[in-house]
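Working notes for the structure below.
Every number in this text was worked out from the coordinates using simple rules, so none of it is lab data. Since this is a predicted model, take the numbers as computed values, not measurements. Cβ atoms come from the backbone with ideal geometry, glycine included; neighbour counts cover every protein chain shown.
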Amino acid sequence: MRFWWLLLLLLATFSVDAQTEEAPQPLPAPPGFESWQAVLDQARGTTIYWYVWGGSEAINAFIDTFYGEPLLEEYGITLERVPVVDTVDVVNLILSEQSADIIDTGGVVDLIWINGENFATLKQADMLYQDWAETIPNSVLVNWEDPAIAYDFGVPVEGDESPWSSAQLHFIYDSARMSEDQLPSNYDELTVWIEQNPGRFTYIAPGPGAFQGTRFVKQVLYHVSGGYEQWVGPWNPTLYAEWAPRLWDYLNVWETNLWRGGETYPATENELLQLFANGEVDFALTQATSGAETYISQGLIPETSRAFTLTEYAIGDYNYVAIPRNATNKAAALIVANLLLRPDRQAGHILPESGFGLGYAISLDRVNEEDRALLEASLAQLGETAADPAALAAAFAPDLAPESQSVIEQDWEANVLR
């Protein structure tokens, strides 16, 4: 069911009328507020401190203008974007405040861009503002019944975070160097390609701050273990222990034919893009629905670059915003989360010039006719540099439980890098 929903979303071919005969039920007020109007009134004239990954100048500028300007003009809220190297640093900051008995208010973080293990850590520590995500007005545009939204890396969301956008890991190649019919279609074909083209392939080293590399290794794990279905749900150490040796053997077969003989790996997405742009390797990785155009528009890779996906195990997920339990300005944080889901903002973030180029977090069958036309128009702008949406949808696979992240990163370093 998930595959068909994503396919329809990306192709924008929904035929369901967003207007229903039954009047919608009013949403409950966010916890601690009497009404949404009370949220608006309390937030006006305040400053919100939003902690986000700051590794992309394009994304930083986009956030400051595309969200900062309407926040000030429409709601009287000043946005202070606080850039971070790694989201775990923000999590540790919140946990240190908890240790200092700053529990219910007084925290320095009002809003955090988050998902996966960082969300799981704060949820387990009981340091998240709870039960709010389905109370903001634009939450009605989210398909909360979709398991990919309702579960963040296998952890139930339960109203403790709100989706912002979606992403799916796939590949970029240069159409000036190779034709489409030369591309591998699965991991076994990629193995053959690597053997026949020594030195022309590498991937990002798995590790903190390099989740694309970790996600790539997880995709290979799905391949060697015969599929992702057995991995859905809570982390299963026994299952991992059964398949991990085969995973490392599979990756080690590649090593001598990788870039620099597998002695070193690019540490970040940008390093891999640079190798690709320089012609040192023939493939890069992307999470962007807009595919290669996101990087072409920034002058990072050749204009002849194109995105594609293998036919199997392209891991996808949603990213979210969460409000710490001790946030000082919960009212403004709620308004930002609501703004992120507004159809005109969703239509903007999918475009390459945003620096994101990520997929929608709202469903096209839940918006009105005018907004659906706006969202469809943005999808139509993606063009030939993006991967085929139908192929991405068919290859979709969910991510592993959060506990897998550090285990795979450490074991890859011990069994592959060393």
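The distance separating the Cα centre of region 193-231 from that of region 371-418 comes to 12 Å. Electrostatic bookkeeping for PRO266 treats Lys and Arg as +1 and Asp and Glu as -1; over the other residues with beta carbon under 13 Å from its beta carbon, the sum is -3. By how many degrees, between 0 and 90 and to the nearest 10, does the Cα long axis of helix 87-99 differ from the longest principal axis of the chain? The angle comes out at about 50 degrees. Take the alpha carbon atoms of region 323-364, find their center, do the same for region 153-183, and report the distance between the two centers in whole angstrom. Measuring centre to centre over Cα atoms gives 18 Å.
Just subtract the alpha-carbon distance of GLU255 and GLN298 from 0.36 nm times their residue separation and send over the number in nm, one decimal. Mind dumping the intermediate values first?
Values: separation 43, 0.36 × 43 = 15.48 nm, distance 3.14 nm.
Length gained between GLU255 and GLN298: 12.3 nm.
Would you calculate, for the chain, the mean residue ellipticity at 222 nm contributed by helices, counting each DSSP H stretch of 4 or more residues as -39,500 (n - 2.57) and dividing by all residues, to the nearest 500?
Details: 17 runs with 160 residues, N = 418.
Result for the chain, helices only: -11000 deg cm²/dmol.
With R₀ set to 41 Å, the beta-carbon distance separating ALA176 from GLU34 gives a calculated FRET efficiency near 0.10.
Which translational diffusion coefficient, to the nearest whole µm²/s, is obtained for region 346-392 from the Stokes-Einstein equation, given a Kirkwood hydrodynamic radius over C-alpha pairs, 10 °C and 1.306 mPa s? Kindly include the intermediate steps, with their values, before the conclusion.
On the way: Rh = 11.2 Å.
In µm²/s, the coefficient rounds to 141.
Expressed in whole Å with the largest first, what are the equivalent ellipsoid semi-axes of region 24-145 derived from the C-alpha gyration tensor as the square root of 5 times each eigenvalue? If you can, show how the numbers build up before the last one.
Values: eigenvalues 107, 84, 50 Å².
That gives 23, 20, 16 Å for the three semi-axes.
Taken as Cα centroids, region 61-85 and region 248-307 sit 32 Å apart, rounded to the nearest whole angstrom.
What length, rounded to one decimal in nm, is gained on full extension from GLU145 through to GLU158, with 0.36 nm per residue of separation minus their alpha-carbon distance? Provide the component values of the computation, followed by the final result.
Numbers: separation 13, 0.36 × 13 = 4.68 nm, distance 1.14 nm.
Extra length from GLU145 to GLU158 when fully extended: 3.5 nm.
Cα-based radius of gyration for the chain, normalised by 2.2 N^0.38 Å, reads 0.98.
Other residues within the sphere of radius under 11 Å centred on the Cβ of LEU417, judged by their own Cβ, net out at -4 (K and R +1, D and E -1). In whole percents, the pair-distance distribution calculated for region 302-418 from its alpha-carbon pairs, binned every 10 Å from zero, is 10, 28, 33, 22, 7, 0.
For the peptides 406-415, 331-340, 305-314, 131-140, the ranking by packing is 331-340, 305-314, 131-140, 406-415, with the highest mean count of neighbouring Cβ atoms within 10 Å listed first.
For the peptides 354-366, 286-298, 196-208, 150-162, the ranking by packing is 286-298, 354-366, 150-162, 196-208, with the highest mean count of neighbouring Cβ atoms within 10 Å listed first.
Rounded to 0.05, the FRET efficiency of the GLU263 and ASP89 pair, given R0 = 30 Å and the Cβ-Cβ distance, is 0.50.
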